[in-house]
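Quick notes on the structure that follows.
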Amino acid sequence: MVQSPDRIGAALALSRFGLGARQGDLEAVSSDPRGALQEEITSRIVPSPSGEELRPTAELLSEFYAFQAAQKEMRERKAAPGAGAAVEGSPQAPMSADQTGKAEAMSSSATMESERAAAPGATMPVNGASAAKPVIPLPQRVFLAEAKARFSGTIHVPRIGFGERLAMFWANHFAVSAAKGVNVRIIAGAFEREAIRPHVFGRFADMLLAVETHPAMLFYLDNQQSFGPNSRAGQNRIRGLNENLAREILELHTLGVNGGYTQDDVTSLARIITGWTVVGREGRLGTPGSFVFFANAHEPGDQRLLGKIYGDAGFEQGRSALLDLARHPATATHLAQKLARHFVSDDPPPALVDKLAKTFKVTDGDLAAVSTALIEAKESWTPELRKIRSPLEFSIALLRATGAKPEPQPVLGGLYAMGQPFWQPAGPNGFSDLLDAWASPEGLKMRMDIANAAANKGADYFDPPEFIETRLGPLLSEETRAAVGHAESRAQGLAIAFMSPEFQRR
């Protein structure tokens, strides 16, 4: 069947740059696919997650501190008299090791077990079916509310969802892990809402500063434990300089691993951002749970970074360093490579990478302009589907295609089973963006289990040949059409549709 280029473009816009097609999306976009994408950029369509539990970071951490105190009191009641541990309350260390470890033993472990328990029966409820809601502790309750606001909310709002995809991309680029501890878990969603989404079509420098000063990133990479060796607080404490955040800023967030920095630069940047911390429960330096520059922990003196001297100016020393890193040519190349690899190919065309890097440089990191350059490039529109959907992308495409708005537990269980637990990468480099990471036999088997479960749920609602034509029509091979059309049952036809190369790839 000969397909119109506009319909092919519409299918690519929805699959490659968006979240996946729903009923009617192909027809709505086919008149001008690039124009529809540009409209999402121009209008800055990045839906805002909403829900009763979705509050600002400082509020969530203040509530967490109260939760933590209640957990401690409960432990002390159960313990022998005098066995309770003293609580540290310094503004730069809102949680002691004792508090964190014991709270995680009671809450975070139970949280992970709940996702593991959901994994074997990781069904995708269709058309409103939902699971019963268990009684759960505060950090997991907030985490589930954040997940629900996306799986049953933001992913269903936009026609294409380019902004939502970019929010997912940047959240993975600036990865934090909810598995670090309950203090990160309770604000992982707030981190994305506050530091990522507002800047998806803004300036990279603004996103970078928002990320590196957010409590989730400071907790995740332990910068609240970093003290300048010659600072007032550093001279009076056992703790010293922690280079975790500085290293990842250079290696992952800006320049890239081959960006030309040295170990001396890592150490210098670590000194520059000492004092970037989070207000503790007592609120000695401000609102509990908020970012603060703690001058007493800041390493005094000028610092040399990438050959430039940054004068001792407190917080402004670090802000200036981040602004220069955001504008560095290596940062432009690193980010261009990642964007092209994510959206187009594991081995992206050099011309596309060069085009994105040049746009980044000449616009001072304007991400709307970079996004526009991506969708305007001819290299971005090859009909060949070279990228496999990650488990998260597959799950979202499945939810959109079926119209399902489930409770979050079964979706989280499915992601865990497929190897991409939500907001829980194994390291600060985030989840892999390469085909080999997700195309393993074990991974595909788990996708098949989830596809079968979703197909059984959807068999009463969808006719498989009509379903796949309205979601993927212009991209379908005759082999896929025949396999779906010759299925022995609706459930089998839908399962074939869900596991087809055209649904699995983008």
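The values are calculated or read from the model by the stated rules, or taken from the named source; none is laboratory data. Source: prediction; values computed, not measured. Virtual Cβ from ideal backbone geometry, glycine too; neighbours counted across all protein chains shown.
Okay, here's what the table says:
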quantity	calculated
Of all residues in the stretch 149-163 being out of contact with any Phe, Trp or Tyr (no Cβ under 8 Å at 6 or more places or on another chain) and among the aliphatic types (A, V, I, L, M), the one that is farthest from ARG193 (Cα to Cα)	VAL157
Candidates ALA326, ALA351, ALA330 - the one that is free of Cβ contacts under 8 Å to residues at least 40 places away in the same chain and part of a helix (DSSP H, G or I)	ALA351
Check on ASP433, under 22 Å from the mean Cα position of the chain (by Cα), crowded, with 16+ Cβ neighbours inside 10 Å, of a type in the set (D, E, K, R) and at negative phi	yes
The stretch 279-295: number of residues that are β-branched (Val, Ile, Thr) and part of a loop (DSSP other than H, G, I, E, B)	2
Selection count where residues are more than 22 Å from PRO383 (Cα to Cα), of a type outside the set (D, E, K, R) and in a loop (DSSP other than H, G, I, E, B), scope the stretch 458-506	6
Selection count where residues are part of a loop (DSSP other than H, G, I, E, B) and crowded, with 16+ Cβ neighbours inside 10 Å, scope the stretch 52-66	3
Residue match in the stretch 409-420 (condition: of a type in the set (S, T, N, Q), in contact (Cβ under 8 Å) with a residue 12 or more places away in the chain and either crowded, with 20+ Cβ neighbours inside 10 Å or not in a loop (DSSP other than H, G, I, E, B) (or both))	yes
Subset of the stretch 296-317 (residues that are assigned to a loop (DSSP other than H, G, I, E, B) and closer than 18 Å to THR254 by Cβ)	LEU306, GLY307
Residue in the stretch 198-216 that is in contact with a Leu (Cβ under 8 Å, 6 or more places away or on another chain), crowded, with 24+ Cβ neighbours inside 10 Å and charged (D, E, K, R) present	yes
Some residue of the stretch 295-310 being among the hydroxyl-bearing types (Ser, Thr, Tyr), without any contact (Cβ under 8 Å) to a residue 40 or more places away in the chain and surrounded by 16 or more Cβ atoms within 10 Å (Cβ to Cβ)	yes
Condition broken by ARG185, with the remaining ones in (1) more than 30 Å from GLU243 (Cβ to Cβ); (2) surrounded by 21 or more Cβ atoms within 10 Å (Cβ to Cβ); (3) basic (Lys, Arg) satisfied	(1)
Test: residue in the stretch 384-391 that is free of Cβ contacts under 8 Å to residues at least 24 places away in the same chain and either surrounded by fewer than 17 Cβ atoms within 10 Å (Cβ to Cβ) or assigned to a loop (DSSP other than H, G, I, E, B) (or both)	yes
Criterion (of a type outside the set (S, T, N, Q) and buried (at least 23 other Cβ atoms within 10 Å of the Cβ)) met by exactly one of ALA483, ALA497	ALA497
Filter pass, LYS148 being among the charged types (D, E, K, R), surrounded by fewer than 20 Cβ atoms within 10 Å (Cβ to Cβ) and either modelled with pLDDT of 80 or more or touching a helix residue (DSSP H, G or I) at 6+ places or on another chain (Cβ under 7 Å) (or both)	no
Members of the stretch 265-282 found to be in contact (Cβ under 8 Å) with a residue 40 or more places away in the chain and either touching a Cys at 6+ places or on another chain (Cβ under 6 Å) or surrounded by fewer than 19 Cβ atoms within 10 Å (Cβ to Cβ) (or both), listed by number	GLU282
